[in-house]
Amino acid sequence: MQLTLHCAEPLKTRTACLVLGAFADRWRDPLLLELDRQLDGRLREARRSGEFTGKANESLLLQPATLSAQRILLVGLGPRRDAGLEQLRQAAGIAIGQFKGQHLAGMSCALPLLDLPRTTPAARIEAVTEGLLLAGYRFDRYRTGENRPKGAGPRSVTLLCARGTDRPELENALATAQVLARAVTLARDLVNEPGNVKSPTYLAEQAAAAAAAGGFRCTVLGRDELEREGCGALLGVAQGSVREPRLIVLEYQGGEAGAAPIALVGKGVVFDAGGISLKPAEKMDEMKMDMAGGAATIATCLAAALMKLPVNLVGVIPAVENLPSGSAIRPGDILTSLSGQTIEVLNTDAEGRLILADAITYVRRVNPRLVVDIATLTGACVIALGHHAIAVLGNDPALVQALRAAGEQTGERLWELPLWADYDQQIKSDVADVKNTGGRPAGTITAAAFLQRFSKGLKWAHLDIAGTAWIEQARPCHPKGASGVGVRLLTAFLRGLPENRR
Ligand code: BES
Ligand code: MN
Ligand code: ZN
C-alpha cells in the first residue's frame, strides 16, 4: 500500500473515498457541519435515526453525487474524552476493512486531522498508518488459483494533515509506522506459518534473514554446542523431536560500544503437542503459535535496527519442538539446567519455562542491564485475562512500570500479577532443586516464580502472551490468527528508554 502525506482541505480532495472520523459527542465539528450542509442534512438524519451516531467503530458509507470525493466513509470514535491513539488505529482499520476484497482506486484519510485529546499530529499520523497497514494484513501464501483472495483494498492512501504542521516530523512518523508494520507483519507471518514448514532451523534462517535486512548480527547454536554448553533443560524438551534445536542469538549495536545491552528472550516452541503429557486433540493445531514470543523478539530487533534506535540489544530465542516419541522426556525425569539447578519435570507440557530457564541463564554472559522475556507460557493466563491483556510479572517495579506505560501507548495492554514469595512453595521438589509445575492454582504466577529462580541478580520482567498472541475473532487491525503482539509494545518500551529522549 502506497502512503503519502498531503496538506489539504478534506472536502475539496478528489478521491475514490474520503475517510472522516466522528466523535459520538461532537457533532458541532466544523468539518462535519459543512459536510452535513453539503449533503442536505444527511448526517443529522443518520444520527436521528440511529443509523450512525459516532459510537466507537461504527461506520457509514455514503456515495453522494455532488462532492469531490466519490465516497465518504464516516467512522465513529466514541466519546471524545475516552478516545486515544488506539481508537484512531482501530478507526483506520475499520476503513481498510470496509474495502477488503474489493478494488479501490485510492483513499484520502482525514483521521490524522482529528482533535484528539493528549495527542500530537505526529503520534496521530503514526497511529493511523499502523492501523491502515495492520488491517490490510493477510496470510494467503498457501491459497492457490481461484482460492486466492481477490482485491487488495486501496492501492494508495493519502494521509491528510493540517497546513503549517512540521512536515519532516510527520514524514518521520509515517516512516516509523511503516517500519513497525513491517516488523509486525514479519512476526505474524512467522506465527501463522504451519508446523510442517516451521522447524527450529527454519526459525533460525528467518532470524538470519531479518538480521541481514536490519544489518545486525545473528549467531545460531546447534545441538552439539548446546550440549557442550550444558543446556540440559532446553535439550530435554528437544529430545522428543527429530528436528534439531537451535539457540538463536541476535545482537544489534545501536548504542555506545561496551554499553550494557537490553536483553529480550522469546519462547520459540515451533509446535507444542505437550510431549508425553500430550495435549487434547481439540485446537492442538493452534500450538503452532507457541513461538510467538520468539517471533516478537526477532521482529523487535528488526524494528529497532531499522529505526536506528540508540540502544544495544540482544535477542535470544530458544527454538525447539515439543513432541511425544520414544526418545521424549518422561514425567518424573530430572534435567540439569545450564544454571546448574536441577529440575524435576512433572509435566512435559510445561516446556516453555524449561527452555526459557536456559536462555535466561545464557544471556547472563552479556551482562544485560535488564532482561524481558516474552512467551506464550500458560493456559492459566488465558483464563485470568482472556484475550485482552498480557500478564506481566517481574522483580523490578520500575521496569514493570515502563513496560506498562508502553502497553498503554500501543494498545498492547499489560496487567500485573503478584510474585510473592509464598508462591515458591508450589514449585518445591522432593527430589530436585525445583519442579516444573505448581499445580492448577495461580498457574501463570508459579510459571513466573520458576523463571525468577533463573533471573536472580538480574533486573527482569516476564510477559505471558498466551491469551493475546492468537486471535480467534477478527478485530479492526487484526485478521484471525497471529496478532504479532509484543512487537509494537517492546519497540515502544525501547523508544521510551532515557537515551531516546534526546
Ligand atoms: N504453550 C502452552 C501454553 C498455552 C496455552 C499457550 C494456551 C497458548 C494458549 C504451554 O506450554 C503449556 O502447555 N502450559 C501448560 C502448563 C501446565 C502443564 C503447568 C498449561 O498452561 O496448561
Ligand atoms: Mn506446553
Ligand atoms: Zn508451550
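The values are calculated or read from the model by the stated rules, or taken from the named source; none is laboratory data. Treat the numbers as computed from the prediction; the structure is a model and nothing was measured. Cβ: placed from backbone, ideal geometry, glycine included. Neighbour counts: every protein chain shown. Keep in mind that these areas ignore ligands, DNA and RNA; they rest on the heavy atoms of the full protein, side chains included. Shrake-Rupley method; radii C 1.70, N 1.55, O 1.52, S 1.80 Å.
Here are a few things to note about the model shown:
- Selection of the range 117-154 for residues being among the polar types (S, T, N, Q) and over 14 Å from residue 101 (Cβ atoms) yields 119, 120, 129, 144.
- Hits in the range 255-290 - residues which are more than 20 Å from the chain's Cα centre (by Cα) and among the aliphatic types (A, V, I, L, M): 257, 259, 260, 273, 276, 278, 281, 284
- Filter pass, residue 263 being surrounded by 22 or more Cβ atoms within 10 Å (Cβ to Cβ), of a type in the set (A, V, I, L, M, F, W, C), within 26 Å of residue 452 (Cβ to Cβ) and more than 16 Å from ligand 2 (Cβ to nearest atom): yes
- Residue that is farthest from ligand 2 (Cβ to nearest atom) [pool: residues in the range 270-288 that are open to solvent by less than 10 Å² (accessible area, probe 1.4 Å) and in contact with a Ser or Thr (Cβ under 8 Å, 6 or more places away or on another chain)]: 270
- Pairs with Cβ under 6 Å, 6+ apart, first in the range 457-474 and more than 13 Å from ligand 3 (Cβ to nearest atom), second of a type in the set (Val, Ile, Thr) and open to solvent by 10 Å² or more (accessible area, probe 1.4 Å): 467/382; 468/485
- Where residue 232 falls short, out of the listed (1) open to solvent by 10 Å² or more (accessible area, probe 1.4 Å); (2) within 19 Å of the chain's Cα centre (by Cα); (3) among the small types (Gly, Ala, Ser): (2)
- Among the strands (runs of 3 or more DSSP E) confined to the range 1-104, the ones with at least 2 residues that are under 23 Å from residue 413 (Cβ atoms) and in the same structural domain as residue 125 (by TED's automatic domain parsing) are located at 72-76.
- Selection of the range 246-281 for residues being more than 16 Å from ligand 3 (Cβ to nearest atom) and among the charged types (D, E, K, R) yields 246, 251, 256.
- Residue satisfying all of: in the range 340-371; open to solvent by 10 Å² or more (accessible area, probe 1.4 Å) and charged (D, E, K, R); nearest to ligand 2 (Cβ to nearest atom) among these: 349
- Some residue of the range 132-142 being closer than 17 Å to residue 56 by Cβ, buried (at least 20 other Cβ atoms within 10 Å of the Cβ) and in the same structural domain as residue 58 (by TED's automatic domain parsing): yes
- Residue in the range 330-339 that is crowded, with 24+ Cβ neighbours inside 10 Å and either of a type in the set (A, V, I, L, M) or assigned to a helix (DSSP H, G or I) (or both) present: no
- Output for the range 19-30, where each listed residue is out of contact with any Cys (no Cβ under 8 Å at 6 or more places or on another chain) and surrounded by 17 or more Cβ atoms within 10 Å (Cβ to Cβ): 20, 21, 22, 23, 24, 29
- Cβ-Cβ distances below 8 Å connect the following pairs, each with a first residue in the range 332-357 that is closer than 19 Å to residue 371 by Cβ and away from ligand 3 (no atom under 16 Å from the Cβ), a second residue that is assigned to a helix (DSSP H, G or I) and open to solvent by 40 Å² or more (accessible area, probe 1.4 Å), and a separation of six or more residues or different chains: 338/229.
- Members of the range 427-464 that are hydroxyl-bearing (Ser, Thr, Tyr) and either under 12 Å from residue 360 (Cβ atoms) or surrounded by fewer than 18 Cβ atoms within 10 Å (Cβ to Cβ) (or both): 429, 455
- The range 286-324: number of residues that are of a type in the set (A, V, I, L, M, F, W, C), under 30 Å from residue 173 (Cβ atoms) and away from ligand 1 (no atom under 16 Å from the Cβ): 13
- Some residue of the range 287-305 being farther than 20 Å from residue 182 by Cα and assigned to a helix (DSSP H, G or I): yes
- Matching entry among 120, 158 (being in contact (Cβ under 8 Å) with a residue 40 or more places away in the chain and of a type in the set (Ser, Thr, Tyr)): 158
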